[in-house]
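These notes are about the structure you will find just below.
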Amino acid sequence: MSAAETALDGPSQISQTGLDPFRSEAREVSGPIVVLLAGLAALGTLATNIILPAFPRMAAELGLTGTQLGILLSSFFLTFALGQLVVGPLSDRFGRRALVLGGLATFLAGSMIAAQADNLFWLVLGRVVQAMGACAASVLARAIARDLFQGETLGRVLSLTMIAGAAAPGFSPLLGSVLVDLSGWRASFLFVSLCAAALALLYVRRVGETHPFDARSTLALGNVATTYRSLLVDGRFLLPALSVSMVLGGLFSFFAAAPGVLMGQLGLTPLQMGLSFAATVLIVFAAGLLAPRLARRHGDRTTGLAGLIIFAAGALAMVAVASQPSYLTFTGALSIVLFGMGLINPLGTAIALQPFGRQAGSASALLGFLQMGSAAIGSALASAMPFSPSVSLAIVMTGASVGALAVFSPVYRERPRREKQPSTIIEARVSNDA
């Protein structure tokens, strides 16, 4: 047994009652909280997907090549990945409020820079500043969820967050195409800046600080490094985090390849591509609704493994149709991929974060770093391979599915005893029957 697998049996910071020792009370799940968490989590993807239909207009107006447009994606992903490693420890030390509001203000500033750009330098700079703010929002969405909820409720909130948040990346290309037609590509950056302002207002009025002073950690560089190192060698965190990251890396490779496949190979217009993205939201909705219910009955690890198997089946279907894709066969394979992703994403995230209440910010940051690092690798590979976009995408998706299944297998094998029996749930349940 590997060190990572052995670590799965290590002590948990969750008490045997299921209660986090660093929190004495939990908040009820409400619509405003779910909307806030979904908005924070989806802000980065919204800012990326909404500009995809604008790429042709942007290239024509600023004289940019396809490779230069690719920099708008890779620079965002790289900044997003690295920035999370800084935001997480800061939020564990100083609380969530300052980092949430500062991140949203930074995102707004970056959006305004990009909206006024007249060359590649200012456009990339705006995207980098955007990413600095969006990474804070993404990290803190997961950390705030972990502050407020735990066990089965945490998994349910993450699923609801994913369902609501899926509307942003799903409908943003459609919205982006409408904005381009009505007001030009700069309108997309103005729209996301308004979204950031609305999220800041909602956070101040309905949530506020969620990380109590007595649960905060120190900020010494050595302690930060020790925290990250301990997470990286702890299989309870690393293995589910890697599996989710590989799946999301495959998803972001689709975002990078989508214009080439849907508009280049299949001949869709920007508006039609936007409508196609919007249709996929229903699949993510369905998977997100099923995930906590299946986890309650079969266990989170069993359901997560099923999601990964479905994801792999969709990737193999993409391989089968990659050489001569039609709209029907391509979207059919993609639908299978998205359904599997919708099952593993919230459950894998909950499994990774559940044991680390005191270090929720750092754990969320490291998880985000792994996810966006995988996104950068996946999108770069999909763009750089000397094949058609559909073939490149199929290769990346298949590799991601194989890797995710390999690293999740020890998590499944070491599932808690109660999950190996019928009618079990994500973690020890705190119920009125106790």
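Assorted remarks:
- Taken as a whole, the condition of being more than 14 Å from Ser362 (Cα to Cα), open to solvent by less than 30 Å² (accessible area, probe 1.4 Å) and at pLDDT 90 or above does not apply to Ser253.
- Condition check for Gly260: modelled with pLDDT under 85, among the small types (Gly, Ala, Ser), over 19 Å from the mean Cα position of the chain (by Cα) and over 18 Å from Leu343 (Cβ atoms): yes
- Segment 180-214, residues that are more than 19 Å from Ala145 (Cβ to Cβ) and open to solvent by less than 30 Å² (accessible area, probe 1.4 Å): Val180, Gly184, Trp185, Ala187, Ser188, Phe189, Val192, Ser193, Ala196
- From the list Ala164, Ala145, the one residue that fits, being under 15 Å from the mean Cα position of the chain (by Cα) and at pLDDT 80 or above, is Ala145.
- Restricting attention to segment 282-309, the residues that are buried (at least 20 other Cβ atoms within 10 Å of the Cβ) and either in contact (Cβ under 8 Å) with a residue 60 or more places away in the chain or under 18 Å from Pro410 (Cα atoms) (or both) add up to 13.
- Search result, residues across segment 314-344 that are open to solvent by 50 Å² or more (accessible area, probe 1.4 Å), of a type outside the set (S, T, N, Q) and farther than 19 Å from Val281 by Cα: Leu316, Val319, Ala320
- The lone exception for Leu46 - which of (1) in a helix (DSSP H, G or I); (2) surrounded by fewer than 24 Cβ atoms within 10 Å (Cβ to Cβ); (3) not small (Gly, Ala, Ser) it fails: (2)
- Of the residues making up segment 243-266, those that are closer than 15 Å to Gln371 by Cβ and of a type in the set (S, T, N, Q) are Ser243, Ser245, Ser253.
- Taking segment 295-389 as the region of interest, the helices (runs of 4 or more DSSP H) fully inside it that hold 3 or more residues being in contact with a Pro (Cβ under 6 Å, 6 or more places away or on another chain) are 327-353.
- Residue in segment 56-72 that is out of contact with any strand residue (DSSP E or B) (no Cβ under 7 Å at 6 or more places or on another chain), in contact (Cβ under 8 Å) with a residue 24 or more places away in the chain, on the phi < 0 side of the Ramachandran plot and buried (at least 24 other Cβ atoms within 10 Å of the Cβ) present: no
- Scan of segment 96-123 for residues that are out of contact with any Gly (no Cβ under 9 Å at 6 or more places or on another chain) and crowded, with 20+ Cβ neighbours inside 10 Å, ordered by number: Val100, Leu123
- The condition of being surrounded by 24 or more Cβ atoms within 10 Å (Cβ to Cβ), out of contact with any strand residue (DSSP E or B) (no Cβ under 6 Å at 6 or more places or on another chain), closer than 14 Å to Phe77 by Cα and hydroxyl-bearing (Ser, Thr, Tyr) does not hold for Ser401.
- Some residue of segment 270-280 being in contact (Cβ under 8 Å) with a residue 24 or more places away in the chain, open to solvent by 50 Å² or more (accessible area, probe 1.4 Å) and either farther than 30 Å from Asp181 by Cβ or basic (Lys, Arg) (or both): no
- Of all residue pairs spaced 6 or more apart or on separate chains, none has beta-carbon atoms under 9 Å together with a first member in segment 316-339 that is under 17 Å from Ala279 (Cβ atoms) and of a type in the set (Lys, Arg) and a second member that is open to solvent by less than 10 Å² (accessible area, probe 1.4 Å) and modelled with pLDDT of 90 or more.
- Residue in segment 358-367 that is at pLDDT below 85 and surrounded by fewer than 24 Cβ atoms within 10 Å (Cβ to Cβ) present: yes
- Segment 128-158, residues that are basic (Lys, Arg) and either open to solvent by less than 10 Å² (accessible area, probe 1.4 Å) or touching an Asp or Glu at 6+ places or on another chain (Cβ under 8 Å) (or both): Arg146
- Enumeration of residues in segment 93-130 that are more than 30 Å from Phe213 (Cβ to Cβ) and of a type in the set (A, V, I, L, M): Met112, Ile113, Ala114, Ala115, Ala117, Leu120, Leu123, Val124, Leu125, Val128, Val129
The values are calculated or read from the model by the stated rules, or taken from the named source; none is laboratory data. These numbers were taken from a predicted model, which means no experiment stands behind them. Because the Cβ atoms are built from the backbone with ideal geometry, glycine has one as well, and the counts that use them run over all protein chains shown. For accessibility, only protein heavy atoms count, side chains too; no ligands or nucleic acids. Shrake-Rupley method; radii C 1.70, N 1.55, O 1.52, S 1.80 Å.
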